[in-house]
1. Which far-off residues, 5 or more places away or on another chain, put their amide H under 5 Å from the one on LEU84, with H placed in the peptide plane?
2. List the aspartates and glutamates whose alpha-carbon lies under 17 Å from that of LYS29, not counting same-chain residues fewer than 8 positions away?
3. Given the Cα-Cα distance of LEU41 and MET65 and 0.36 nm per residue of separation, how much length would full extension add, in nm?
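Just so you know, all these numbers are worked out from the coordinates, no wet-lab data involved. Note that the coordinates shown come from a computational prediction; the quantities given were computed from them, not determined experimentally.
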Amino acid sequence: MKKIVVLLLTLSFLTAPSIFAASVPTMDKDELKSLLGSDGLIILDVRIGRDWKSSEFKIKDAVRMEGFDPSLIEKYPKDATLVLYCA
């Protein structure tokens, strides 16, 4: 019985992120391009150091967030459109 409980808990931890990710809206680069310069648009670059430093592509006016912490989102207005990108 203990093994079954451990297995179920493990499976729930492995599937939870994908369930959460499915509820987050996404956009493609063309949609983002059309929004650039809009009031209330905040672009957060959450790439890790090496990926960010070695990239020749950076979105103008994006806010760099080294070591993304979800609680940092709270400092932005709730009616803002937040775009997080990592590639």
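1. Under 5 Å from the amide H of LEU84: LEU44.
2. The qualifying aspartates and glutamates are ASP45, GLU56, ASP61.
3. 7.1 nm
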